[in-house]
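Notes for the one structure printed next.
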Amino acid sequence: MLTEEQIADFDRDGFLNSGPILSTAEVDSIADGLAGVLDIGPDGFGEGQPQPVSYRDLRSGAAGASANPVWQIVNIWEASPAFERLIYHPYIVKAISQLTHETDLQVWHDQIQYKPAETGGATTWHQDAPLWPIIKPMTPVSAWIPMDDADEENGCMWMVPGSHKWGNQIEFLRTQGHLQTLAEFNNLAGFEPPGGAAPTPVPWPVRRGEISFHHSLTWHGSPFNTSHRPRRAIAIHYMTGAARFDAGGNHLMKQFVDLADGAPMSQAGPHFPVVCRDGEPVGVPAQLRSAS
């Protein structure tokens, strides 16, 4: 359970570190699950085999790797029992319920972002919610879980405190795509937020076993990983019982939504599992989709 002070800190800053939560065994389990999926590769899943929705290098925009890859694997929970159990983790689910002030939650999607040692690319400054236009109102809070200590050396996230209160600023952030190295990543320029104070980016290290939560409008990104260590992490994006389908938008997950415009996403089906009802985590199901 998060404390009232932690919830207040999140409401002020738009992000929060839980402190140590996951055991070494729990983190080892998801790290092993990721290793198994990486061993199969983007083209190695057979027909009918449980598999992620997408597996690609964000830097190349295709399946093959670029010189500085950021490997994104969407809905790894559908391919790995360790990650399927993680999306139902009672601490994570309860914390999301507290931070959203909502009692019903389901998974929107997850995504691995894996930056290999020495060559891992940058994830440029962005906000999450504007990139998810098929659900309204916006999906409010995500959980970010590292499998390695994430620090400035290996490309940890950076955050801008209070930026979740400035609305949709994705078009400005797209003008900052040239900021990719650690030395320049904090040089955001050309935006004056309400109140007149300049945005102040801060590095956001998260250690193995800790969980970082961030609002879907919080400005964030991460520079190159030039260290000798990988940076493996998963973001789990949740949506609340208020979420409805916006047929006018587009997104990778739209292919799995067979709903009328404006229909509740609670009716969207098995790719969007319910994890919390009436404020209580539902627990891991007896039959895992990833093990079928």
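Observations
- Over the range 1-146, the alpha carbon radius of gyration divided by the compact-protein estimate 2.2 N^0.38 Å works out to 1.13.
- Against the compact-protein benchmark of 2.2 N^0.38 Å, the Cα-based radius of gyration of the range 180-269 scales to 1.51.
- Rounded to the nearest 500, the 222 nm mean residue ellipticity of the chain from helices alone is -5000 deg cm²/dmol, with -39,500 (n - 2.57) taken per DSSP H run of at least 4 residues.
- By the beta-carbon count within 10 Å of each Cβ, the least crowded to most crowded order of Arg12, Arg232, fewest first, is Arg12, Arg232.
- Each principal axis of the Cα atoms in the range 131-241 has its own extent, and those three values, largest first, are 39, 37, 22 angstrom.
- In the distance distribution for the range 219-292, Cα-Cα pairs more than 21 Å apart total 49 percent.
- Rg/Rh for the range 76-142, where both radii come from Cα atoms and Rh is the Kirkwood radius: 1.01
- Ascending count of other beta-carbon atoms within 10 Å, so fewest first, for Ser29, Ser222, Ser292: Ser292, Ser29, Ser222
- For the range 24-93, the set of GluC sites (Glu not before Pro) satisfying both a DSSP loop assignment and a count of at most 14 other C-beta atoms within 10 Å is given as Glu47.
- For Arg244, distant residues with modelled amide H under 5 Å away: Lys136, Met265
- Long-range HN-HN contacts of Ile211 with modeled amide H, under 5 Å: Ser18, Gly19, Ile21
- Rg ratio (alpha-carbon, reference 2.2 N^0.38 Å) - the chain: 0.95
- A simple rule links phi to the HN-Hα coupling: the Karplus curve 6.51 cos²θ - 1.76 cosθ + 1.60 with θ = phi - 60°, which for the range 142-147 gives 10, 10, 10, 10, x, 9 Hz, with x for Gly and Pro.
Every number here is computed from the coordinates shown, using simple stated rules; none is lab data. Predicted model, so just to flag it, every value in this text is computed and none were measured. Ideal geometry is used to build each Cβ from the backbone, glycine not excepted, and the neighbour counts take in all protein chains shown.
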